[in-house]
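What follows is a short report on a single structure.
The values are calculated or read from the model by the stated rules, or taken from the named source; none is laboratory data. In this text the structure is predicted, and so the values were computed from the model without any measurement. In this analysis, Cβ positions are derived from the backbone assuming ideal geometry, glycine residues included, and neighbour counts consider all displayed protein chains.
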Amino acid sequence: MEGEVANENLFIPGLIPKVPGRFYYFFGKPIETQGKEELLRDKGSADELYSYIKSEVESSIGYLLQKREEDPYRGIVDRAFFRLFSASVQDIPTFSP
């Protein structure tokens with residue numbers, strides 16, 4: 001095992017409570033497909049559009065993975081101290097895009 005999976009702690013359900021993680025969301029720019037029905041009938045054009053969409057999604061996921069690694073408030077303890085000492089109830093620590 002390698003990557004994020006190798007860094008996971010052992011979790012035994014029911015015996016040790018699992019601390020909730022943090023979710024990261026990113027909505028990339030819209031990809032216009034309306035009016036391209038004729039292009040999609042051609043295998044080459046459809047493959048080209050698919051490759052473009054795939055690269056955009058991979059790029060967005062890569063961006064989020066990078067931001068997750070750089071996130072100073074990724075851990076629950078760091079977020080709790082931030083909320084306790086630095087923030088109002090409405091403030092949520094985040095990163096700028």
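Some observations on this one:
- Taking segment 28-58 as the range and being out of contact with any helix residue (DSSP H, G or I) (no Cβ under 8 Å at 6 or more places or on another chain), among the small types (Gly, Ala, Ser) and not in a helix (DSSP H, G or I) as the test, only 35 passes.
- Segment 43-80: number of residues that are exposed (fewer than 13 other Cβ atoms within 10 Å of the Cβ) and at pLDDT below 75: 3
- Flag for residue 52 being among the hydroxyl-bearing types (Ser, Thr, Tyr) and farther than 17 Å from residue 28 by Cα: no
- Output for segment 59-80, where each listed residue is without any contact (Cβ under 8 Å) to a residue 40 or more places away in the chain, over 12 Å from residue 26 (Cβ atoms) and in a helix (DSSP H, G or I): 69, 70, 77, 78, 80
- Test for residue 18: is it at pLDDT 85 or above, over 17 Å from the mean Cα position of the chain (by Cα) and basic (Lys, Arg): no
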